[in-house]
Amino acid sequence: LVLFCVKSYDTEAAAETLAPLIGDETVVLSLQNGVDNPEKIARRWGTGRCLPGVVYIGAQVVAPGLVLHSSGGKIVFGASSGPAGTAAEHIEQTLSSAGIPCSISENIEKVQWSKLLWNAPFCAISALARADVKQILESQPLKKLAIDCMAEVQGAALARGVDLPGGLFEETLAFSVALGAFKPSMLQDLQAGKPLEYEAFNGVVVRILQQAGKAAPVNQCFYALLQQLDKKSREEAARQS
């Protein structure tokens, strides 16, 4: 079993590096944000050997070697097509025996898209507005922007055959309230001078809707702004190094 935990923009490079270590029966569990990373991994080792996973955890690095775990702490995973097999059951037993809360989903694609329903708006808005989750929810304009972004994620999911009911919007907002002043991963990365995952969060929504002949104005705006912000951040990091 290999736990594949790199940021989305490093998926292909990490897969290339791992290639010599992957045996004929090795199973890869993708614990990454976004909805298309398992597809990228499966191109190399096959769909049956790559299980998509979703991690629910609120954490951030507050100092070198020190991680603050503020909320959550659960892994959900499953097979991309069909019911979970013995590999998924073995992973569940392994994680559970280590005291890691986990569960197998028979519809992991819906789970992935449901998390993107949060990541796409809150990560983008937090980075662009330099705002934590609490500040976003307390701002009516930013909250409406988040909901508009969710609607586009819902449309992209439907274009891929995944139905996200409208009730998930309220559930996502309620979940966000419980996070308080938590800083989404993209804001943490921006403040740390790291690359941003805008391709996996917003670019994928734009591409899927465009392929379906539909517009994605909110995510298109987020994507363009974050692309420029990421470019400047990388240039600044290069100068400092």
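Tabulated data for the structure shown
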item: Estimated translational D of the range 134-230 in µm²/s (Stokes, Kirkwood radius over Cα pairs; 25 °C; 0.890 mPa s); result: 171 µm²/s
item: Virtual spin-label span in nm between A159 and K134, 7 Å along Cα→Cβ; result: 3.7 nm
item: Gaussian network model of the chain, Cα within-10 Å springs - most flexible of A192, A63, A88; result: A63
item: Share of carbon and sulfur in the accessible heavy-atom surface of the chain [1.4 Å probe, %]; result: 55 percent
item: Where Rh is the Kirkwood radius over Cα pairs, Rg/Rh for the range 194-241; result: 1.12
item: Over the chain, relative contact order from alpha-carbon pairs under 8 Å, at least 6 apart, %; result: 16 percent
item: About the Cα centre, charge dipole magnitude for the range 1-157 (Lys/Arg +1, Asp/Glu -1 at Cβ), debye; result: 420 debye
item: Where labels lie 7 Å past Cα in the beta-carbon direction, separation of A215 and E25 in nm; result: 5.5 nm
item: Distance in nm between pseudo-label sites at R44 and L1 (7 Å out along the Cβ direction from Cα); result: 2.0 nm
item: The chain - Debye-derived log10 I(q)/I(0), Cα point model, q = 0.07 Å⁻¹; result: -0.23
item: Cubic angstrom per residue, convex hull over Cα atoms of the range 1-119; result: 121 Å³
item: At least 30 Å along the helix axis (C-alpha) and Kyte average at least 0.0, DSSP helices within the chain; result: 108-129
item: Hz values of 3J(HN,Hα) by residue in the range 183-192 - Karplus curve (6.51, -1.76, 1.60), Gly and Pro given as x; result: 9, x, 4, 5, 5, 4, 5, 4, 5, 8
item: Which listed pairs, of K74/K231; K40/K144; K40/K143; K40/K214, have C-alpha distances above 27 Å, in listed order; result: K74/K231; K40/K144; K40/K143
item: Pairwise Cα inverse-distance average, inverted: Kirkwood Rh of the range 54-172 (Å); result: 16.2 Å
item: 1.4 Å probe accessible area per residue over the range 48-142, in Å²; result: 47 Å²
item: Overall dimensions of the range 135-191 by Cα: Rg and Dmax, Å; result: 12.8, 36
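The values are calculated or read from the model by the stated rules, or taken from the named source; none is laboratory data. Keep in mind that what you see is a predicted model, and the values were worked out from it rather than measured. Reconstructed Cβ throughout: ideal geometry from the backbone, glycine too, with neighbour counts over all protein chains shown. Accessible surface is based on the protein model in full, side chains and every heavy atom, while ligands, DNA and RNA are left aside. Shrake-Rupley method; radii C 1.70, N 1.55, O 1.52, S 1.80 Å.
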